[in-house]
Amino acid sequence: MRRQRPTLIAVSTLIAITLTTAAPTPATAAPPDQVTALTAHQADGYTTLAWQPVDGATDYQIERTPVDADGAPTGAPTIVGIWRPNRQINQQAPTFADAGYNPGDTFQWRVRARTGTTEQPYSDPVTATTTAPWGNPDTPGEGLRTGWETTHAAQYTSDTDEYAYTAAIDALSDRVRVVELGRTVQNRPINMLVIGHPTPPATPAAVAATAPVAINCNVHGNEPGDREACLIMARQLAFSTDPRITDLLSHTTVLIVPTINGDGRANNTRGNSTGQDLNRDYSLIRQPETTAYITMVRDYRPVAGYDGHEFGNSRAGDLPMLPPRHQNVAQPIFDQSQDMIEGHMYAKGAEAGWWACPYGCEGGGNVGLSEETILRNTLGLKNVTNSLLELRSSGGQTRPDEGNTANNRRRKTYSAVWTFHQFLDYHRADRADILNSRAEAIETQAANTGRLVFRGSRPIPAHPAPHPGDSPPPLDAPPADLILDTPPCAYKLTDAQYNGARTDGPGGVGTTVAQRIAAHGWKVITIGDDHYVPLNQPERGLIPLLLDPKGVEKLTDGERIHPTLTGRRNGPLVVSGFTCADDATINGPVTVRAGAALVTTATTISGPLTAAGAAGVLLADSTINGPVRIANTTDTISIIDATIAGPTDLSGNTTGTDAPVLAGTTIRGPLSCTGNNPTPHNLGIANTVHGPRTTQCAAL
């Protein structure tokens, strides 16, 4: 696991301390076991209460009383929070985030320790006015409010209000562009806010070049707290002049999808209008909603993400989180995701008073497993550092005032606002590590080494004591019959499998396997009536889950194609048909004939490599001791983590919508790319070229 450390970054008034009210100095010494040094720090939608710990305290009760401008009570004092040692990693500086109130109102707080069931004296009180909803009501743009805000959390924002609100942000802010990713089954738009400073990049490819972050706010229609948080944060990002915000948006692009499941949100149902749980469909993409999101991931290439949910467990933490656990996820992505959660969110949560913990941290049951259909696992298999976010759906014993529905909704939404801002801060501070982890993961996956697991999760141990929560997610070890120790080189699909009609979509009509593979962005080689999906590409861990006969939730039973060339070969090699070389040494020139394909991993070619009119050339973790010329290819080109000791030329390749990839490769000579359609790209992983780079490859 990567290092555990706090992230040193300035936090703005949007999410950090904006006002501190300290307790007055008492005239006499405090009674024994009385809480002292109580402070109240105001932030967006919540108040962080902090105090000196009392020796021997079992827990602490937090009391809040509404008061007027003169500090006179206007209502009864209420116990609104219980602090317990399992809430946070810093036991010597207890904090509690109180968010069960209408922002902008004034309150008095007191805190008392309990030893067992014995209540100790209350602290001296502190009084403060809480922070009003962000944005000057009289300033265009800043004055926008969601339906949830205008009703003081009595109602959630409707779909029509969401569309009007996001359209107004788009119209009033140069930083924002709203794009439609697709339509739901019932024809509601699936919108995404593309946010950058001073303006967002104009195309998906240009956005991808900024190492963007993505937040999916509402996949389960009856879990809307994160969606409200996303809409509030979108307004802040669009109009704030805070230097932290403009700095963030100057170094990345933020992608916010408020409501992927518009039909479910309109009907307040977990699934979409067909009853499908969309968070069990991100790999299979049987529904238009999940297809839209996965196509976005393909085109915009976010490097980090968060996926918002609510958790129906009143015993759990405020903010249960979980990384991509599937064992096919590359180790660097798992480690980086854990670092984001344990290294950043736990530490920052302890400062702000939020209880961040592993998903299932208290009585969680059978949650957080390895299904690749879940977005956190799908994204991990796509080399995206990411986390699930669960908002505890009810206050439970630690937030006893949340029988009040509005207060419960406020706590959920404002805790999500805090989380998403912290996510942006983590990306800003750790961008280099995130990109390095992604590059390492892509190169590892493309090398096609190691076993394949069809179900099974990496373990999530309880955080070392003191830790937030006592129960990590359950172990999910892969059974022996769902492990493939020797991976194939590729999967071969018949034309009927690849292009045949499907019945697994809405109304019994599904998109073809070919369309779904294209949405995932996988490279495919067609030779005659057969279609080959090689594994020496970035999403190697996901491909078998959908195409191998062992797949638990698969699209079809592809035929495993194993390497046809291994070991040493002396003399020229002429490739016809589909040839796969693995751990091979070829001493001589290699020629790929028209209509043929060459796929290599861990292979050395001592001689020139020439392909003219080939169907495909995919080289990964390989060395070519000679020049490389690839021209007029028809299907696909991919060169990842290779070393080429000679001039490299890609010219006249017309591969449809599948852009040639040249990533993480060292070329000891000139690089020339001319007349390729589409233009080659590098997946955001720079190449090292010891020579001039010209025309289409000048920036690679």
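The values are calculated or read from the model by the stated rules, or taken from the named source; none is laboratory data. The model shown is predicted, which means the values in this text are computed figures rather than measured ones. Virtual Cβ from ideal backbone geometry, glycine too; neighbours counted across all protein chains shown. In case anyone asks, the SASA skips ligands and DNA or RNA and just uses the protein heavy atoms, side chains included. Shrake-Rupley method; radii C 1.70, N 1.55, O 1.52, S 1.80 Å.
Only one residue in E342, E351 is of a type in the set (D, E, K, R), under 26 Å from E440 (Cβ atoms) and out of contact with any helix residue (DSSP H, G or I) (no Cβ under 9 Å at 6 or more places or on another chain), so which one is that?
Sole residue among the options that is of a type in the set (D, E, K, R), under 26 Å from E440 (Cβ atoms) and out of contact with any helix residue (DSSP H, G or I) (no Cβ under 9 Å at 6 or more places or on another chain): E342.
Hey, can you tell me all the residues within region 592-626 that are buried (at least 21 other Cβ atoms within 10 Å of the Cβ) and either among the hydroxyl-bearing types (S, T, Y) or more than 19 Å from T564 (Cβ to Cβ) (or both)?
Selection gives T600, T601, T603, S622.
Looking at region 328-340, which of its residues are aliphatic (A, V, I, L, M), farther than 14 Å from D425 by Cβ and either in a helix (DSSP H, G or I) or touching a strand residue (DSSP E or B) at 6+ places or on another chain (Cβ under 8 Å) (or both)?
Matches in region 328-340: I333 only.
Which of the strands (runs of 3 or more DSSP E) contained wholly in region 627-700 include at least 3 residues that are surrounded by fewer than 22 Cβ atoms within 10 Å (Cβ to Cβ)?
693-695
Would you check if G147 is farther than 30 Å from L435 by Cβ, among the small types (G, A, S) and without any contact (Cβ under 8 Å) to a residue 24 or more places away in the chain?
Considered against the rule, which asks whether it is farther than 30 Å from L435 by Cβ, among the small types (G, A, S) and without any contact (Cβ under 8 Å) to a residue 24 or more places away in the chain, G147 comes out as yes.
Tell me yes or no: at least one residue of region 118-141 is open to solvent by 40 Å² or more (accessible area, probe 1.4 Å), more than 29 Å from the chain's Cα centre (by Cα), closer than 30 Å to L231 by Cβ and in contact (Cβ under 8 Å) with a residue 60 or more places away in the chain.
Yes: one or more hits.
Contact list please: Cβ distance under 9 Å, first residue in region 681-694 and of a type in the set (S, T, N, Q), second residue assigned to a strand (DSSP E or B) and open to solvent by 70 Å² or more (accessible area, probe 1.4 Å), pairs at least six apart or on different chains.
Listed by first residue and then by second, the contacts come to N687/R693.
Considering (1) under 13 Å from R455 (Cα atoms); (2) touching a residue at least 40 places away in the same chain (Cβ under 8 Å), say which one T556 fails and leave the rest.
Against the list (1) under 13 Å from R455 (Cα atoms); (2) touching a residue at least 40 places away in the same chain (Cβ under 8 Å), T556 comes up short only on (1).
Residues that are over 32 Å from the mean Cα position of the chain (by Cα) and at pLDDT 60 or above: list the strands (runs of 3 or more DSSP E) wholly contained in region 1-98 that include at least 2 such residues.
It comes to 36-43, 46-52, 59-66, 78-83.
Restricting to region 450-465, and then to whatever is open to solvent by 60 Å² or more (accessible area, probe 1.4 Å) and farther than 15 Å from L545 by Cβ, can you tell me which residue is modelled with the highest pLDDT?
Filtering region 450-465 for residues that are open to solvent by 60 Å² or more (accessible area, probe 1.4 Å) and farther than 15 Å from L545 by Cβ, the one modelled with the highest pLDDT comes out as P459.
How about region 477-514: which of its residues are among the hydrophobic types (A, V, I, L, M, F, W, C) and open to solvent by less than 40 Å² (accessible area, probe 1.4 Å)?
L482, I483, L484, C489, A490, L493, V513, A514
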